[in-house]
């Protein structure tokens, strides 16, 4: 599980057939302290996350499992929206 913050929307007029109807969002990866790490990435949004939401996401093969078609070129996908985050130190 990886943490991130949705920072924008991505509009694509032409997509691979398996991506039809799926929203694309721009996500800033975060560390466990909610500090920015790395560059923003494009992710699939199948959980209705909005701009400003803190989410958890997956990459690689696990990300592709959120779509109905099993063989798709999905690299990253939001798996859920985080309502509350408690970190014990």
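The values are calculated or read from the model by the stated rules, or taken from the named source; none is laboratory data. What you are looking at is a predicted structure, and each value in this text was computed from that prediction instead of being measured. A quick note on method: Cβ atoms are made from the backbone with ideal geometry, for glycine too, and the neighbour counts reach across all protein chains shown.
When the range 5-33 is limited to residues that are under 17 Å from residue 85 (Cα atoms) and modelled with pLDDT under 90, the one that is farthest from the chain's Cα centre (by Cα) turns out to be 33.
Each residue in the range 59-89 was checked for being in a loop (DSSP other than H, G, I, E, B) and at pLDDT 90 or above, and 2 of them qualify.
When every residue of the range 35-58 is checked against the conditions, none turns out to be assigned to a loop (DSSP other than H, G, I, E, B), within 15 Å of residue 1 (Cα to Cα) and at pLDDT below 90. Picking from residues in the range 21-34 that are in contact with a strand residue (DSSP E or B) (Cβ under 8 Å, 6 or more places away or on another chain) and in a loop (DSSP other than H, G, I, E, B), the one that is surrounded by the fewest Cβ atoms within 10 Å (Cβ to Cβ) is 32.
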